[in-house]
Amino acid sequence: MSSNRNEPVKKQPSGAASLGAIDRPVPAGVNAAGFGSDVVADALRATDIPYIALNPGASYRGFHDSLVNYLGNERPQMLLCLHEESAVAIAHGYAKVTGTAMAAAVHSNVGLMHATMAIFNAWCDRMPMVIFGATGPVDTVHRRPWIDWIHTARDQGALVRGYTKWDDQPASPIAAREAVLRANWIANTAPRGPTWSNLVAHGGGFAPRGWVPVVAAVTTVFFSMVGPEIMPRSATKQTRLRPKRCCSRSMSVPSTMLTEG
């Protein structure tokens with residue numbers, strides 16, 4: 001067995017550009033979309049989310065492959081994590097600093113259960129994030145013995161529905177594309193919070209005919225904030241208002257819930 005112990009140590013490249021080159025795969029010819037997961041990856045790129053934190057898992061292996069070999073691990077770039085709770089926590093911190101959503105991906109039902117505490121923290125903090133998960137084949141004919149059965153759930157979103165703004169389980173590439181755009185839109189719209197999109201293994205197949213890459217996510221983000229020109233007038237009116245009891249997480253109280261007194 002040969003040893004290179006006596007050979008000179010190669011100097012490692014430094015700098016962000018060199019690191020980016022290391023983290024990206026070697027191009028292998030024409031890179032054309034050919035799988036349903038490529039459609040999902042393209043939709044995620046259209047949201048302009050720069051990073052996706054993930055702990056790799058076989059349930060979303062197609063999506064992971066598209067992030068690497070179709071997008072080239074760029075826009076978004078993957079942040080490899082050792083635990084799903086860490087991945088979601090990183091997305092939480094990114095939202096705290098930038099005010100916009102970051103993506104995270106967790107592995108099937110077991111990864112989602114690992115991530116629940118971090119998702120709940122983001123929900124309490126009203127921080128936006130776009131979380132991806134996956135389930136095994138919904139069609140039982142396509143499930144492998146044992147492993148696919150214990151990683152498949154009929155309603156996986158029920159685990160986090162109480163503390164996410166929106167969840168979906170799209171069953172086709174086109175439906176998944178809409179789900180990605182909608183998840184990002186809803187997450188960034190006040191009151192903000194995490195969204196959950198559950199991909200289905202073996203549900204996408206090849207990209208449908210007539211599919212074209214998403215050029216831009218045409219969505220409007222609404223903020224329940226009052227402009228500076230309205231603030232003085234609003235403050236004057238609120239001194240004459242007596243609020244009723246309000247049991248809601250909403251950021252603003254509708255005028256119908258206020259009475260003059």
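Each value in this text was obtained by applying a stated rule to the coordinates, not by laboratory testing. Everything numeric here is computed off the predicted structure, so don't read it as measured data. Glycine also receives a Cβ, built like all others from the backbone with ideal geometry; neighbour counts cover every protein chain displayed.
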Fill in the blank from the handout: Within region 178-195, the residues that are part of a loop (DSSP other than H, G, I, E, B) and free of Cβ contacts under 8 Å to residues at least 40 places away in the same chain are Thr189
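Go through region 46-104 and report how many residues are small (Gly, Ala, Ser) and in contact with a strand residue (DSSP E or B) (Cβ under 7 Å, 6 or more places away or on another chain).
The initial filter retains those residues of region 46-104 that are small (Gly, Ala, Ser), namely 46, 53, 57-59, 62, 66, 72, 86-87, 89, 91, 93, 95, 99, 101, 103-104.
When the remaining residues are screened for being in contact with a strand residue (DSSP E or B) (Cβ under 7 Å, 6 or more places away or on another chain), the result is 53, 59, 87, 91, 95, 101, 103-104.
Count: 8.
Do you know which residues across region 152-177 are in contact with a Gly (Cβ under 6 Å, 6 or more places away or on another chain) and assigned to a loop (DSSP other than H, G, I, E, B)?
Narrowing region 152-177 to residues in contact with a Gly (Cβ under 6 Å, 6 or more places away or on another chain): 152, 165, 167, 171, 173.
Residues satisfying the conditions are Thr152, Lys165, Ala171.
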Completion exercise
Restricting region 58-96 to residues that are polar (S, T, N, Q) and either in a helix (DSSP H, G or I) or closer than 17 Å to Ala33 by Cα (or both), the one farthest from the chain's Cα centre (by Cα) turns out to be Asn69
Fill in the blank from the handout: When region 44-57 is checked residue by residue, the ones that are small (Gly, Ala, Ser) and not in a helix (DSSP H, G or I) are Ala53, Gly57
Practice task
Identify, by number, the condition in (1) surrounded by fewer than 22 Cβ atoms within 10 Å (Cβ to Cβ); (2) farther than 18 Å from Arg192 by Cβ that Gly111 doesn't meet.
Solution key: (1)
